[in-house]
Amino acid sequence: MRVWMIIVPSSVVVVCGLLIVLFYYQMTHFNARIQINHVNVGRLTAAQASEKLGSTTSKNVIYIGQKQLVDDKDTKMAFTGKDVSHIRALLRKQRTVFPSSRVKNYRLKPVEMDKNHSVAIQKELEQRLLKLNSGLSAPRNASVRLENGKIIVFKGEVGTRYDISNLLKAYQKQSFNSEVHLKPLYQQPIRLSSAAISQEKQKLQTMLQQSVNYRLQGKSYIFKGSDVIKNVTFDRKMNSQIDTRIITKKLDALDQSLSTLHKNYRFKSHAGKMISVKGESYGWAINYNAEAKRVGTAFAKGMSSIPAYNIYGEGWNPNGIGYHNPTNNGIGNTYVEVSIQAQRIWVYKNGHLKVTTPVVTGTKIYNEDTPKGVWYIEYKNSPAILKGSEVGSLNYSVKVHYWAPFTQGGSGFHDAGWRTNWTKTAYIKNGSGGCVNTPPNVMEKVYGNITQYEPVVVY
């Protein structure tokens with residue numbers, strides 16, 4: 001009995017002693033299968049682990065999956081005594097009461113790591129990935145497009161190109177490892193289920209149901225989406241690219257039927273006779289290519305109505321003089337009528353005759369006739385100096401009190417104080433160089449009743 005009483009306390013003392021030794025060991029040593037940066041530090045103290053890490057060679061090898069991409073020169077891992085405190089922190093973190101055989105790898109960046117070397121390796125990795133990607137297929141995003149009037153949905157396709165940006169980020173987290181093993185990451189396509197695809201499909205459906213009211217000279221012309229939009233694609237920013245060829249064709253038809261530039265005008269003369277006069281600088285036309293883009297943009301932005309904008313003409317002002325004057329077959333009620341046969345002009349304002357006077361036009365026998373056609377007053381000057389040439393005067397310069405040109409060739413209305421022959425036949429042999437010579441005593445009134453850009457009908 002007394003023997004057992006001695007043995008039991010002795011056993012307890014031994015066990016307690018072993019537990020104290022075990023506890024101290026666990027407090028000061030890593031568990032058997034612990035790694036730091038994939039270097040085994042099992043059963044080592046923090047100081048021993050620091051020394052081992054500092055003497056370990058870093059292979060500077062990078063793998064993506066099973067493929068080795070970078071094999072740089074070997075270097076030391078750069079661990080020093082400055083890292084001991086961080087290693088002790090890992091020691092505490094992995095500590096267990098009893099020894100553990102669980103495998104665990106901890107990542108630890110050395111305090112004195114050579115950043116320049118790490119950046120150089122990362123750059124090499126990036127270049128290798130770029131070179132690889134040049135021969136690999138890119139992912140094809142899911143997309144929606146309109147093709148021949150039908151909505152086509154493409155589900156998308158995964159390619160084989162690496163996702164360089166995310167692979168470089170993954171490398172940065174492991175750059176201090178001797179061997180870096182990266183999981184392959186690939187560029188991902190936009191999926192069919194994405195919100196962008198749904199929005200694009202909705203846009204196409206809306207376009208096909210939409211109509212755009214195109215306003216031209218106060219009238220409306222309807223462009224129905226289902227009629228004029230047959231092919232549409234989207235860029236990466238969800239901007240629609242509309243094939244405007246059908247829109248262009250419809251605008252071209254409107255231009256052919258409605259524009260007046262270089263077309264014949266039906267004109268009622270002072271005598272009440274209907275005549276046809278060719279449009280020259282006076283008139284307008286539709287720039288249907290530019291307008292087609294605007295109509296396409298209206299569909300893309302959901303606009304229901306737009307006014308015509310890209311209207312053009314010729315001469316002093318290229319903006320289509322006459323577009324805003326649709327009455328009286330496009331001439332309007334304010335104009336100047338010039339009859340070469342009658343050698344007379346009539347100045348009308350708002351449909352009322354303001355001035356009529358005999359004139360002398362360009363000399364017929366020398367082919368210096370005043371150009372026939374529908375023109376417009378380009379500008380007005382008072383006084384003015386006229387310079388030019390004509391038969392019998394190769395280089396003249398003459399001062400006039402009033403000047404209103406209507407062709408870019410230099411024909412216009414002006415007083416001619418030097419003229420003595422004002423007969424009805426003077427223009428045949430003794431006319432002007434192309435201008436409309438107007439008696440000085442009437443020219444002031446003529447000048448006061450004409451305005452810039454009003455039509456001049458010469459026949």
Inset, instruction - Report the full-extension gain for the segment Lys364 to Lys155: residue separation times 0.36 nm, less the Cα-Cα distance, to one decimal in nm. - result: 67.6 nm
Legend entry - Over 30 Å (Cα to Cα) - which of Lys278/Lys301; Lys219/Lys349; Lys52/Lys73 fall in this group: Lys278/Lys301
Inset, instruction - For the range 410-457, state which trypsin sites (Lys or Arg not before Pro) are in a DSSP loop and have at most 14 other beta carbons lying within 10 Å of their beta carbon. - result: Lys424
Inset, instruction - Could you line up Tyr366, Tyr402 from fewest to most neighbouring Cβ atoms inside 10 Å? - result: Tyr366, Tyr402
Inset, instruction - Would you mind working out the magnitude of the charge dipole of the range 333-458 relative to its Cα centre, with +1 at each Lys and Arg C-beta and -1 at each Asp and Glu C-beta, to the nearest 20 Debye? - result: 220
Legend entry - Order of Leu108, Leu204 - criterion: other Cβ atoms within 10 Å of each residue's Cβ, fewest first: Leu108, Leu204
Inset, instruction - For the range 276-321, just say rounded, prolate or oblate: build the C-alpha gyration tensor, square-root its eigenvalues into a ≥ b ≥ c, call rounded for a/c under 1.5, and beyond that prolate if a/b exceeds b/c, oblate if not. - result: prolate
Legend entry - the chain: antiparallel DSSP beta bridges as a percent of all, rounded to 5: 75
Inset, instruction - Over the chain, calculate the relative contact order: mean separation of alpha carbon pairs under 8 Å at least 6 apart, over the residue count, as a percent. - result: 10
Legend entry - Inter-site label distance for His38 and Asp252 at 7 Å from Cα along Cβ, in nm: 6.6
Inset, instruction - Report, to the nearest 10°, how far helix 195-209 tilts away from the longest principal axis of the Cα atoms in the chain, using its own Cα long axis and a range of 0 to 90°. - result: 20
Legend entry - Fewest-first ranking of His38, His86, using other Cβ atoms within 10 Å as the exposure measure: His38, His86
Inset, instruction - Would you work out the charge dipole size for the chain about its Cα centre, treating the Cβ of every Lys and Arg as +1 and the Cβ of every Asp and Glu as -1, and quote it to the nearest 20 debye? - result: 1900
Inset, instruction - Specify which labelled value, from [x] 23.6; [y] 43.6; [z] 19.8, agrees with mean projected area of the Cα convex hull in nm² derived from the coordinates of the model shown. - result: [y]
Legend entry - Mean-position separation - Cα centroids, the range 383-459 and the range 216-268, in angstrom: 42
Inset, instruction - Sort out for me the Cα centre separation of the range 119-144 from the range 290-321, rounded to whole Å. - result: 45
Inset, instruction - For the chain, build the charge dipole from Cβ charges (+1 Lys, Arg; -1 Asp, Glu) around the Cα centre, then report which of Pro358, Gly296, Val458 sits farthest towards its positive end. - result: Gly296
Legend entry - Helix-derived mean residue ellipticity, 222 nm - over the chain, DSSP H n ≥ 4, -39500 (n - 2.57), to 500: -9500 deg cm²/dmol
Legend entry - With Cα atoms, 0 to 90° folded angle of helix 2-28 axis to the chain main axis: 30
Legend entry - Calculated FRET value between Glu179 and Cys16, using beta carbons and R₀ = 35 Å, to 0.05: 0.20
Inset, instruction - Could you tell me which of Asn333, Leu91, Pro110 has its Cα farthest along the dipole of the chain towards the positive end, charges placed at Cβ (Lys, Arg +1; Asp, Glu -1), taken about the Cα centre? - result: Leu91
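Here, each number is a calculation from the coordinates, and none is a lab measurement. All values reported here derive from a predicted model rather than from experimental measurement. Heads up, the Cβs are rebuilt from the backbone with ideal geometry, glycines too, and the neighbour counts pull from every protein chain shown.
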